[in-house]
1. What lysines does Lys336 reach when the alpha-carbon gap must be under 30 Å and sequence neighbours fewer than 8 apart in one chain are set aside?
2. Please give me the summed charge of the neighbours of Ala109: other residues whose Cβ is under 14 Å from its Cβ, Lys and Arg +1, Asp and Glu -1.
3. Based on Cβ point charges of +1 for Lys and Arg and -1 for Asp and Glu, what charge dipole magnitude is obtained for the range 279-389 about its Cα centre, in debye rounded to the nearest 20?
4. In the chain, what percent of the accessible surface is made up of carbon and sulfur (1.4 Å probe, ligands and nucleic acids excluded)?
5. Any idea what % of Cα-Cα pairs in the chain are farther than 36 Å?
6. Helix-only estimate, please: 222 nm mean residue ellipticity of the chain, summing -39500 (n - 2.57) across DSSP H runs of length 4 or more and dividing by its residues, to the nearest 500.
7. To make sure I understand the rule: partners must be lysines, Cα under 17 Å from the Cα of Lys89, and not fewer than 8 residues away in the same chain. Which ones qualify?
8. Using protein chains only and a probe of 1.4 angstrom, how many square angstrom of Arg186 are accessible, to the nearest 10?
Amino acid sequence: MDVPDPGPNPGPNPGLDPELTARIASGIDVLDGAEWDAVAGGDDPFLSHAFLSLLESSGSVGRGTGWQPAPVTVEQASRIVAAAPAYLKSHSQGEYIFDHGWADAWERAGGDYYPKLLVAVPFSPVVGRRLLGDAPQGLLAALEAVVAQHGLSSAHINFLTAPEVAAAEARAWLVRDGLQFHWHNRGYADFDDFLAALSSRKRKAIRKERAAAVDGLEIVGLRGAEIGPAEWDAMWAFYQDTGSRKWGRPYLTRPFFDGLGAALGDACLMFIARRDGRPIAGALNIVGADTLYGRYWGCVEDVPFLHFELSYYRAIEWAIAHGLATVQAGAQGEHKLARGYEPVVTRSVHYLPNKGFRDAVADFLVRERAAIAQELAWAREALPYRSSP
């Protein structure tokens, strides 16, 4: 099902300074790339005009996908000064924050939950800025206006930063907690230095895992132009295998993988495992200013512990060597705890204009937040470090 066209802009200046104007575009690709990147900054590759445009040009989002681009911008003298990567969604797939229960409840009550308005990086459970530029309140007001003008059920912003959560909470948006596992660099000199911070039992277990994972294999790390057509071909095959098992069908298209290297350049980092020269497994990472983002993993041969080696240990090793502060290794995964990844609360915010629906969801979130707090406490107790980080 395709969602409707974004339609008219959300009014002249919803909650904005009189000199500012909010607009909705039909896609990132029709916006000026330099202006978008100026408000997005250069720290987060997922927010770059090149990355978001590639999602559109590759057909990963757009007609027939349930992700209709509807980026919201705030302009001054026809120049973008703030922006939000927004989409009209006809389903809740590819978001990693699950609201299917909310949709079922709203539709049982006779409403249409979809399309909804979502501000997010498609298919990427990475924490980062979502209200780009210097007008967060104006952007939030514009999102609310889009919901009102089109009679939408709701607006949502996923995996946003703490200041953005506070800005949304000030407008009575609901806050939802989630849990991920990130690795933090505490000034380690190398991987062995990191291992020294773990308990003896965990150190031995990781060393045994790493030795078993690479037995008989060649492991290479490739960045930017070092990643050739053969490696992209292999990574596409790995992604297809993982995607078909996890999601039923992969979200991203082959043209997306064909264009990613050109779009992001040295921000692409790939670890490939080869047996007798043939790629059998790989992990694709995106390099940010201070964070390494682990994104896609797959294999065509099942090797014990190879997933941990390519997706977690190699990422840690690379982050230490290049002075990065954090590794975000994707959504969920309590098995990451034993590998030194620490529990981190992530947050999303939700605008539900119907009071009855809002109150019901707010009550659910109170109970869910308590459960997540318990899980967080358990995860902290389960960390493998010799002393609390």
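The values are calculated or read from the model by the stated rules, or taken from the named source; none is laboratory data. On a predicted model such as this, the values are computed, not experimentally measured, just so you know. Every residue, glycine as well, gets a Cβ built from its backbone with ideal geometry; the counts of neighbours run over all protein chains shown. The area values use the complete protein model at the heavy-atom level, side chains included, leaving out ligands, DNA and RNA. Shrake-Rupley method; radii C 1.70, N 1.55, O 1.52, S 1.80 Å.
1. Cross-link targets: Lys202, Lys204, Lys208, Lys246.
2. On the way: positive: Arg108, Lys355, Arg358; negative: Asp104, Glu107, Asp112, Asp359.
Combined, the nearby Lys, Arg, Asp and Glu give -1.
3. Details: 11 positive and 12 negative charges, 73 e Å.
Its charge dipole is roughly 340 debye.
4. Values: 8130 of 16110 Å².
Reported share for carbon and sulfur atoms: 50 percent.
5. On the way: 19565 of 75466 pairs.
So the pairs more than 36 Å apart make up 26 percent of the total in the chain.
6. Numbers: 11 runs with 134 residues, N = 389.
Helices in the chain give a 222 nm mean residue ellipticity of -10500 deg cm²/dmol.
7. Lys116
8. Around 110 Å² of this residue is reachable by solvent.
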